[in-house]
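The values are calculated or read from the model by the stated rules, or taken from the named source; none is laboratory data. Keep in mind that this is a model prediction, so the values were computed, not measured. Note that we place each Cβ from the backbone using ideal geometry, even for glycine, and neighbour counts take in every protein chain shown.
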Amino acid sequence: MIDAGILDGDLLAVHRTQTASDGQIVVARLGEEVTVKRLRHAGDRILLLPANPAYAPIEVNADGEPCSIEGLGVGVLRRGLS
């Protein structure tokens, strides 16, 4: 999530909720995996968009894998530079 200001080693503050609006940063569970992405509604499709061009968008339930929203990213904690 580099382009969203979430860097490697940062801690993400998460508000636990099962609902999210279009454009929000979500913590999503896809099967046994957990990912942080931006939620996008595209017609009748739901996409999880990375904020890093090195990764591809994920279409929710395109392969029948269960998906759930675990929470919303509400803040970033970053260690100070030494």
Given the criterion touching a residue at least 40 places away in the same chain (Cβ under 8 Å), charged (D, E, K, R) and loosely packed, with under 10 Cβ neighbours inside 10 Å, identify the matching residue among 16, 29.
16
Close pairs (9 angstrom Cβ cut-off, 6 or more residues apart or separate chains): closer than 16 Å to residue 23 by Cβ and in a loop (DSSP other than H, G, I, E, B) in the range 52-75, modelled with pLDDT under 90 and not β-branched (Val, Ile, Thr) anywhere
60/45; 60/67
For residue 79, all conditions in the list (1) without any contact (Cβ under 8 Å) to a residue 24 or more places away in the chain; (2) of a type outside the set (Val, Ile, Thr); (3) outside any strand (DSSP E or B) hold save one; what is the number of the exception?
(1)
